[in-house]
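To start, the structure under review is shown below, and the notes come after it.
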Amino acid sequence: MSEHEHTDVVVVGSGFGGAVSAYRLAEAGRRVCVLERGRAYPPGSFPRKPHEMRANFWDPAHGLHGLFNAWSFRGIEAIVSAGLGGGSLIYANVLIRKDERWFVADEPLRSGAERWPIDRATLDPHYDRVERMLGATPYPLSAPGFALPKTLAMRDAAARAGLDWTLPNLAVSFAVDGRPVIGEVLPDGDHPNLYGLPRRTCRLCGECDVGCNDGSKNTLDLTYLSAAVRAGAELRTRSDVRRIAPRAGGGFEVVYVEHREEDEGRAIPEVQRPHVTITCDRLVLAAGAIGTTSLLLRNRSAFPHLSAALGTRFCGNGDLLGLAIPTPGRAGGRDAYRVIDSSRGPVITSAVRVPDVVDGGAVRGHYVEDAGYPYFLDWIVETRAAPSAIGRLARFAYRRAAARLTGDPRSDLSAEFGELFGRARVSSASLPLLGMGRDVPDGVMRLRRGHLDVDWTIATSRAYFAGVRATMRALADALDADYHDNPTWRLKRVITVHPLGGAPMARHPDDGVVDAYGEVFHYPGLHVVDGAVMPGPVGPNPALTIAAFADRAADQVLAASGRPGRRERVA
C-alpha cells in the first residue's frame, strides 16, 4: 500500500490569495503546504538577455519553465505569471482599494450585471493589514532625485483635462530610515527574506513588469511567503496540481506533477513526470482566475454539487493599453516636444480616476495610469522610426563621400555621429497609458475539447471602452500629443493582465460558486481566495482587493476551526 503525506492545509498557488492565506494560517499554528507550479526567482535571477527571454515563458509540455504564461481566447489575450510569488513578480506594484460605491449589490443577475456580497467597510480592516505587510507607500515625487518627467507630465495633463490625479500606494521600497534614496542596500532587520539575499531601494529602471532584480519590489516571496516560512509553512515550487477530490472520510486529496529542473528545455510527456499525492483537511485554491477555474472545471466530476455558476462572470478588469505620441509642431517649433522618458521610474507612478454612474459619473468608472517599460526597450521602441534612421544613415554616408571627394580636412565627426540617433522622439516623448475599470463581466469559461476556452467579446463593453479611450485621448491632447490605440484594438481584441471571475462569490449557490468568505458551496473546507471569486471587475488594480479578501477569509477559517495535530504519514 502506497504512503502519502497528510497536512492541515494545502494552498494551491502563491499569488495574492495564496501567499496571504499561507502566512495567516501558518502563523496561527496550522501545518501549511504551498504548491506553486513555477520556480523561485531570487533577486538577480530574472532573465534579461535575449536567449534567456526566449525561454522565459511557461509551457512545460514544450520544456518551457519560465515566468510568463500567455493565453489567447476569442476576443481577449491574457498574461499571467508562473513563479513563487505569483502575479506579484510581474505586476506594477499598485495598491488601490476598490471604490466604495463600486461594490454594487442591487443589480439583477442577468448577463453582465454584478452583485457583490461584501462591501468596502467589510474589507477596510483587511486592506489596512495588507498595506502594512506590503509596505504601501506613494511614489516620493518631491524627494531629491525622484522628480520623474512622466509623472509630472501626467499630473500636468490631468490638470489641463480636468481629471482627478493622484499618487497611489505602491508596494516598492524607496527609502532607508525614512529617507528616499536610489539604489541603496535595505537593512534586513529582524525578518530577512527567505532567500537570504540583499535588497536595494528602487533604481527607477522601469523593470517592474519583467521581474525586479534588485529586490526593490515588496513582492509576495519577499514579504508574506518569507513570513509564512518563518511560521513553519512549507513551500514546494515546480509543483503543478492536476487532480483534486474530496475524501470519503473528510478532507481532500491533491495530486500534483513535479516539473524537475533537469527537465527544462525538454518536452517530457505527462505520464513520464513524477506524480505526488498529498491529503489535507482544508484545501485553498489560489491559482488565479484562469488556473483555479480551469482546475475546478477539469475536476468537476469529483465535485458533482458545484454551482452551475462555475466558469461565469469572467472579465479582464477593463484592461486597455493606449499610447500618447507627440506630433512635431503641436508644442511649438517643428521639432519641439516634451521629454517624458517613460523608461525611468517604476512602471506606474500615478493615476487619474473617472467616476462611475453609481457615484455621479457619466460613464462606467475607470482609471488611467501612466506606464513605463525597461530602459533596454528604448532601443526597440526606436525601431518604430526605422525609415527616418535609414535616411539619416544615407545622409551621413553621402556627406562623408562628398568630404573625401572635395578633400575636406575635418577629422572630428562627433556631431555627425550624434545626428545618426536623430531626435529619438518615440522613445523619449511617448507616454504609454494603462486603462482599467468596470467592464461588463459576462464572459464564460469552459473546456472545449480538453482546452480552456473563454467566450468573451468587446461588444458588450463597447461603451465602457469608449469612455476609457476618451480619457486617454484627453490626456494625449493635453500633452500636445496624438492618441494611438494598441494594434490589437484594431482587431477587436484586448490584452488583460487582470483576468477575474470563474468562481464568483455570492450569497446563494444559484448565483455563485463560493460564499462571501470564499468557501465553496456544498463543500466545507474547500476555499477559493484569488481573482476567480470576483463577481465583477474590481476597477482599479485588483491585487490589493484579492489580498484583503484572502485575509478576511483566513479570519473566518481560524474562527471556525480547531487546533491542528502534528504532521503524519498515512497509508
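Data table
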| item | result |
| --- | --- |
| Qualifying trypsin sites (Lys or Arg not before Pro) for the range 27-60 [loop in DSSP, other Cβ within 10 Å: at most 16] | Arg48 |
| Mean Cβ count within 10 Å, highest first, over the residues of peptides 175-185, 524-534 | 524-534, 175-185 |
| 10 °C / 1.306 mPa s Stokes-Einstein diffusion coefficient of the range 73-184, Kirkwood radius on C-alpha pairs, µm²/s | 90 µm²/s |
| Cubic angstrom per residue, convex hull over Cα atoms of the range 250-292 | 109 Å³ |
| Per-residue ³J(HN,Hα) for the range 206-211, Karplus 6.51 cos²θ - 1.76 cosθ + 1.60, θ = phi - 60°, Hz, x for Gly and Pro | x, 9, 3, 7, 10, x |
| Heavy-atom accessible surface of the range 241-338: percent carbon and sulfur, 1.4 Å | 49 percent |
| Sum of -39500 (n - 2.57) over DSSP H runs of 4+, divided by residues of the chain (222 nm, nearest 500) | -7000 deg cm²/dmol |
| Helix 120-133 vs. the chain, principal-axis angle (Cα, 0 to 90°, nearest 10) | 70 degrees |
| Estimated FRET transfer efficiency (His508, Arg300; beta-carbon r; R0 30 Å; 0.05) | 0.95 |
| Between the range 512-534 and the range 66-85, the alpha-carbon center distance in angstrom | 23 Å |
| Ellipsoid semi-axes in whole angstrom, largest first, where each is sqrt(5λ) of the Cα gyration tensor of the chain | 43, 27, 23 |
| Sequence ranges 490-499, 340-349, ranked by mean other-Cβ count within 10 angstrom, highest first | 340-349, 490-499 |
| Surface per residue (accessible, 1.4 Å probe) for the chain, Å² | 42 Å² |
| Derived scalar couplings ³J(HN,Hα) [the range 432-439; Karplus, 6.51 cos²θ - 1.76 cosθ + 1.60; whole Hz; x for Gly, Pro] | x, 10, 10, x, 7, x, 8, 6 |
| Trp58 long-range amide H proximity, modeled H, under 5 Å | Gly66, Phe68, Asn69, Ala70 |
| Two-decimal Rg to Rh for the range 1-135 - Kirkwood Rh, Cα set | 1.03 |
| Amide H contacts of Asn218 (H built 1.01 Å from N, under 5 Å, at least 5 apart or other chain) | Val172, Ser173 |
| Pairwise label distance in nanometres, Thr457 with Glu262, each label 7 Å out on the Cα-Cβ vector | 5.2 nm |
| Amide H within-cut-off set for Ala40, under 5 Å, with H built and near neighbours excluded | Leu84 |
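The values are calculated or read from the model by the stated rules, or taken from the named source; none is laboratory data. Because the structure is predicted, anything quoted here is derived from the model rather than measured. Methodologically, a virtual Cβ is constructed for each residue, glycine included, from the backbone with ideal geometry; neighbour enumeration extends over all protein chains shown. Quick note on the areas: whole protein, heavy atoms, side chains included, nothing else; ligands and nucleic acids left out. Shrake-Rupley method; radii C 1.70, N 1.55, O 1.52, S 1.80 Å.
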